[in-house]
Every structure is written in C-alpha cells, then in structure tokens.
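The values are calculated or read from the model by the stated rules, or taken from the named source; none is laboratory data. The model shown is predicted, which means the values in this text are computed figures rather than measured ones. Neighbour counts run over all protein chains shown; Cβ positions are idealised from the backbone, glycine included.
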Amino acid sequence: MRKILLIFILPFLLVILPACSLLDTADPKMDEGPAGSRYTAAAEKNNEKTNLEQVQLSGYSRKVGATLTSPKYRKFSVNSAFTVSGSIKNTQRLKSNYALITVHSAKGGIPDFKYLAPIKGGKYKQKVQLFDGKGTYKVKVSLPSEESKGYYYDLTEMEVTNVNPEVKRDILYTQNAYQQDLKLDSSVEGYMKRDGKVDLSGWIGNKNAEDLMIEMSKGTQVTKVMVPLDHGRFQSSLPLYFGKGIHTIKIMTPAENMANYYNQAAELQVDNTSDQTSQPVEFSKEYSERGYTLETPAASGGETDLDAEVKGKIDPNAPFAKETDTVFVQTKKGSLEAMYAIPVKNYTFDGKYYLRFGPGHYEVNVFAPEISSANTNVQHFTGIAHFSLENMNPNDGRYRLPSRGIQSDDPEIGRLSQKLMQGKANDKEKALAVYRFVAKNVRYDVQKLNQRSFAFDDSAIKTLHDKKGVCQDFSYLGIALLRAGGMEARMATGYAGQDHAWIEAKVDGRWMTMDPTWGSGYLQANRFIQNFTMKYFDPDPAEFKKTHTKSGIEY
C-alpha cells in the first residue's frame, strides 16, 4: 500500500492523490433543453431561499496573493456543474503548476473526484462536474505548497447542492496524463452507458510508445488488456467483461525508461446494460517476451458463425521477430484439432481461421513458431494466447474449408480450380483433372527431402508458385484445388518406404485415393525422374496397401 506523508506546517495541508481531471476552459452549460432549463430554475429558486454567505479564504491566500473569482458563495445550488476560477500573484514560489479541486459526495461510498486545474499566467479556471447526480457535495479548493512538491494548502471549502438527478462524470486524469500529453476523443466521456462493449480512442504525445494498458474492474473482478499505439494514436473496442453494472476503466501509459511498467493516466466509468459476460484472453509469459500484441479477439467466450479473425503485431526488436513469417492458430473441439497458418508481413498479421467441426464449444490457441537454425521435419511451437469460442453454424465443414497449408479460399487457387474443373461431367472427372495438374506440374524436391528443410510457410500457394515440393506439398495443392471446387478432400498420412502423405477425395459417396506425388515420377540415384502415371489415381485398394500404410487423417 502506498504511504501518504503528512507534514503539518500550516493548517489544511493535503497530499495529491493520483486521479485528477484535465482543464475544461469552457463554461459549464447549465441549460440543455427544457429539462436543463427546469433544473437551472430549481437551482435558482433554492438559492433565493438560501442565506448566500460570501466564500471565506484561508490565511494561505494572503501569503501567496490568491483570490477566488468564482464561485462567490460558501453554500449554493447548481444544475449539475459550476466553474471554479481564481488568480495567484506569487506563483514563482509555488512547487506545482496546478490548483487542486476535491469533490466529495455526501452520499458516501464513492471515491472523491479530484481536478488539477493548470495555473497559467497567474490564473486558473476549471469546470467542476458534480459526479453522482442529485445531492449535496463538499468542494475544496487547494493551492500548491511553497515548500514541497506534492503538497497543497486549503484555500477554501464550500457546500454545493446539485438539483439535477442525471449522473454526469468527467474523465479523471492524473498528472501523468499531462506529462504524456494524453487526450481522449470527444466520444469518450467520464460516465457512459453502453450495451456490452465500449469504444476507447485518443492519442498520447509519445509517438514512440507501442501500447497502452487498459485495466477494467467491477468490484473484485479485474482484468488488463493491451491496446496497440500507432504513432501515438489508439482505437479499440473492448468488451465489458463482467456483465451488467458499473465497470471502472483505467488507462495506463508506459513509464519512461522502465520496460513493461505502466502508470495510471486516466479513469472513467461505463455502466453496462448487457447481462452477457465474457472472459479475457489468457496470455503466456512468452507473449510479452516475444513481443506480441493481440488486437483481435479482445475477449474469450464469444460467439461466431463458422469463421473468426486473429489480428496483431510483433515488436520488430523482439527475439526472432525478423525470422517470424507465420503465426499459427489451433482450434480444438473435444479430440478434434485443426491448425491454420496466418502470414506475418511487416511485423503484422491479420487472418481468418475456421471452426470446421460443426456447432459447439471450441478452445483456440495462438502459437508462435520456434525458430531454429537446424533443418528438421519436426516443427515446434510456443503458445502465446488462449481463448474460447462458440460456433453457431450448424454445418460440419472439416473436409471442405481451408486449413493449414490448404488455402482453398485464395482467389488464385479458386480461379485455377474453376479452370481445371470446367466442363467436367462428375466429381471423379474433376478429381482426375486436379490429379493430372499436380502430378504433371510439380517436381519432387529431392534437396528439401535430404536437407529436411521443411518451412513454417509450406502451403498450396507456395507449391503452386515454386512448382516443387515433397509429398505434403503435393497434397496441400491437390486438396486446396479440390476444396475450392466444392469437393470434400483430406490428407491421409502414413508410411510408404518413409513418412508419406497423399490425398483422399469424396467421390460418389466414397473416399477415393489419389497420390499425385507417386503419380509424378520416381527417384533414381537420388534424382527425380519425371514420369507421369495414372497408376496412383483411384488405385485398387489391395494393391495400394502393398506400398502405402495409412496411419491417420490430417484435417
């Protein structure tokens, strides 16, 4: 717990608390339509009945030459807000450039609201919003000490009655907000009612900062979310995780010269009208160590219709950032698993993945590739984020939709598939057209096999462009073309003298085998001999089993 030091040099000494509000130079608008006029009239009527005593200033006012030009009375009524303004002659000796205004609600149970009003040219002016609707408030104006930074002496205190029941609240800012030049857009208010999510946007002066931290709480429930900065600008839509009721949101800016440390700069409240709750995304320690910022999704536990987006960026200075060209998404529904590769370009990634196993609950993991200089056919991944999703789509598309390495939704794949299948009478003819194209246009990559130089971005598109590959690459391209043409297809894995992969396509209600790798030619003296054959298109199952042993299916 933070210790508060009190030094009683003069009466009414105070210490700055963290939350204060930025200056609003505009006078408060008392009349806002007929209702506003009614409350303004009610406040004036109260004042007519009240003995309006002149405000009294403390002895410290004479020491620093301070006056209070507004308000003029010790006890009065207002419609929601009023202005505090004054002047100070001897500002050169003050240890701070801000006047402190503290607002306390007589209802209790709500923390005081504090404003820091900048002192400029010996003057200060601050709109004061009575933040909890109708009721009585104690408002204290304090001026900086001449002896020590962070200490204030009381100038005056007043009792103010708000006749307006509407809850209006300013954004609380700390002195850190001034130092970081934090500004929130006009669409962000200190108190807002929202249905399920809140949009936060603004900017800070530090254009080199990479992110902000947003702390959201409701009672004892607390979560923290990282929001990326783009040249000081931020814009994010955040779920109100904890269901119906008031969510307190604190905006934290990065501390200078202290990595992974953030200071509070602003605070606001959002009244969530939705009963729906959600959970924050879970992050591993590698998430920050590898420099990842996940922008989408913002929460765990949402609903989607078949597909979803993952979006984020990688710190260019983080370990392996330059070598990372792909991140991976794994979806799990019970014992069923699927992987998706999301390309990384200019240290950013934004891609779609599918919930292919029908409706229901899915656990989703985001993985960073483990970068190694050694060539290997075993790839390793590091988990950086975990969340869940509910798929509301009733269809099972495990053999029709894109998956890792199988970009059947890519426009180039789609055009080629359409060209190959055009005019074909049935699915078997379509499958044969794909088999012929892959087997005749892709050369077996002997060097890749010998050097075990498998890459994280191996895929149908890469195979189509390079026109070479090993068995998985042949299969990636064939399956992508089949799925793009509306056919069901899957990768069979097993053994054929060594680890091997081939294709199974759904034709006339049965799973038909096709192995375009073996159909393309053969190896002789460690060299590929191109020699197209139909032998491995819909082969006799008994003959095929003599050379191929199936061990599983990859989705």
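Points to keep in mind about this one:
- Candidates Val327, Val378 - the one that is more than 17 Å from Gly291 (Cα to Cα) and among the aliphatic types (A, V, I, L, M): Val378
- Of the residues making up the stretch 445-456, those that are surrounded by fewer than 14 Cβ atoms within 10 Å (Cβ to Cβ) and more than 12 Å from Gln472 (Cα to Cα) number 4.
- Checking every residue in the stretch 58-76 against the condition of being in contact with a helix residue (DSSP H, G or I) (Cβ under 7 Å, 6 or more places away or on another chain) and closer than 22 Å to Thr161 by Cα gives at least one match.
- Which numbered condition Asn263 misses (of (1) assigned by TED's automatic domain parsing to the domain that holds Asp185; (2) touching a Pro at 6+ places or on another chain (Cβ under 6 Å); (3) not aromatic (Phe, Trp, Tyr)): (2)
- Criterion (closer than 25 Å to Arg400 by Cα, modelled with pLDDT under 95 and among the acidic types (Asp, Glu)) met by exactly one of Asp508, Asp538: Asp508
- Breaking point among (1) loosely packed, with under 15 Cβ neighbours inside 10 Å; (2) hydroxyl-bearing (Ser, Thr, Tyr); (3) more than 16 Å from the chain's Cα centre (by Cα), for Ser237: (3)
- Scanning the stretch 193-217 for residues that are closer than 14 Å to Phe242 by Cβ and of a type in the set (S, T, N, Q) returns a single hit, Ser217.
- Flag for Thr517 being crowded, with 22+ Cβ neighbours inside 10 Å, of a type in the set (S, T, N, Q) and closer than 19 Å to Thr549 by Cα: yes
- Just one of the listed residues (Ala455, Ala433) is in a loop (DSSP other than H, G, I, E, B) and free of Cβ contacts under 8 Å to residues at least 40 places away in the same chain, namely Ala455.
- No other residue among Lys114, Lys127, Lys63 is basic (Lys, Arg), outside any loop (DSSP other than H, G, I, E, B) and under 20 Å from Thr40 (Cα atoms) apart from Lys127.
- Residues located in the stretch 241-251, provided they are buried (at least 21 other Cβ atoms within 10 Å of the Cβ) and modelled with pLDDT under 95: Tyr241
- Residue in the stretch 147-167 that is farther than 30 Å from Gly65 by Cβ and among the hydrophobic types (A, V, I, L, M, F, W, C) present: yes
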